[in-house]
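For reference, the structure discussed in these notes is given below.
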Amino acid sequence: MSVLKNNHVRETNSHALLASSLADSGGETHHLHAERRSRRRHGGLTTTTIVSVLIFLAVYSKLLDFRYQQIYQNLYHDRNTVGSTSDAPQEEVQRKNNTTTTIEKLQQQDHHNNTVHSSPLTPIDGVSSSSSFKVDEYTFPTVQERLQYYMGDWYNRTDWSVPDCNLVKEEHNHDDVADKDLLLTSNTIKKCMDSGENVINSIGITYCKDAFSFINTTETARRDDAHWLVRFGFQDRLTKLGNQLPIICKARPSILSHHAKPPLWLLNERRHYGELEHYHRKVVLKKGEVPWSEKLSKLFWRGSTTGNRAGDAGHRLDILTQWVHQNDDDNKIDIGFNNVVQMKEGSFQHQYIEQHYSRKGNGKEGRESLRDMNHYKYLLSVEGNDVASGLKWMLYSNSVVFMSRPTVATWAMEDLLVPYVHYIPVANDYSNLVEMVKWAEEHDDACQEISKRATEFIEHLWMSDQAKRDTETLKKEMVTMYVHQFDHALSKCTGTD
């Protein structure tokens, strides 16, 4: 509350200064009184009054803007407002830092990325760009903070009612539950999960299984007629309905965006955490990680042509093809596609990309293995259909990740990653890769420290025993909160109330 109090003092002082300035303007008090008498007689507004009002409104608007940003940050990150229902250990609650600092840094870096393209990004917070670069400390969010983060705009929304039942569609056909906003019961989700691999849309089964792992944590949520408004698949429409309906989703826009923040669940787990588990089993446990001193000082990326988002066709193609044939003279960048997808096979576009932009590896289906990619110091991560699914294993590895600020977030809280702490930031259009590789080579010790911080983030998120306990705690608390806040209102749209 001290931040808001300070803001109030600043706002009050600003009003006082503004009022004083307007009263003393020009020092012509007698002339102003004459104008006021004239205005009363003629019912008009003088030029001086109009200008003064406009100045006042402009300053007041800026003050409100500043206060809103502070209130918004505190809504997500004030420790005193987070619910107390968690079973998190006491030592985890006693944190030195909170994610407000993370958001402030992300905002600074986002502005930096958008304004710097032709020259290297320099460290934020006034840190020198010399080889003595110091990587900031970071403390992983507590369970309570994560609960509030995952619930987004719908944390403690006990006064909610469905604005229009026509916005939701109750679905009983568990063969068709992907890429739609659907109102499902626990019973429908269970039937979907148990339906077997012969259903029309197998992606629906994956989401149903993961959703049921949440529902199955409490007796109240397991109730057959408990209601869940879900989006299984991509999150294209969430920007339109996410501020009206508590749509459970796998991915949503970054918390730094102005879009809605619907509840986030851990969905499509196998795809998004399968490579991480594989890397841990096949590389880490087998002592197969390449020591930093033996890695190649190159920036490496291989991936598929995903990312054909609504209104953003060929996202990865647009930003990466500039580097496939324009690698720098020192051969420090190695980028190419190893899988052409989301376009008609045999089409001119498909054939052209295969011919000119493909870089096949020696692994399965022409792909490099995770062990092969670990030979590089610098790994590039690029968002696809939503997040970059391979980002988790890259962060966990002993290489360092290059990426632009995440625009989409999932259970991994990608938008809480801090530049120069968990990854090396690049411009949003990826135009400055050469400069940032040069920066990394000049700050080798810092890169190793950044890699270590990133590994710790994934250990706290997923790999440690405590992380697994935290995940189960969060699942239980989230479904309990959802049923308590929204089940009764949603039941009115199904006639089961």
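Collect residues whose amide H, placed 1.01 Å from N in the peptide plane, falls under 5 Å from the amide H of I333; neighbours closer than 5 in sequence don't count.
Under 5 Å from the amide H of I333 lie the amide H atoms of L299, D328, each far enough along the sequence or on another chain.
Based on the mean of other beta carbon atoms within 10 Å per residue, what is the order of 224-231, 157-164, 369-376, most packed first?
Final packing ranking: 224-231, 369-376, 157-164.
Using amide H atoms built 1.01 Å from N in the peptide plane, name the residues 5+ places from I248, or on other chains, whose amide H lies under 5 Å from its own.
Result for I248 returns L229, V230, R231.
Using the structure shown, select from K298/K438; K190/K250; K191/K468 the pairs with a Cα to Cα distance greater than 21 angstrom.
Checking Cα-Cα distances, K191/K468 exceed 21 Å.
Between L296 and residues 5 or more places away or on another chain, which pairs have amide H atoms under 5 Å apart, with H built 1.01 Å from N, and which residues are they?
Amide H neighbours of L296, under 5 Å, 5+ apart: Y376, K377.
Values in this text are rule-based calculations from the coordinates and carry no lab data. It should be emphasised that the depicted structure is a prediction, and the values quoted were computed from it without experimental measurement. In this analysis, Cβ positions are derived from the backbone assuming ideal geometry, glycine residues included, and neighbour counts consider all displayed protein chains.
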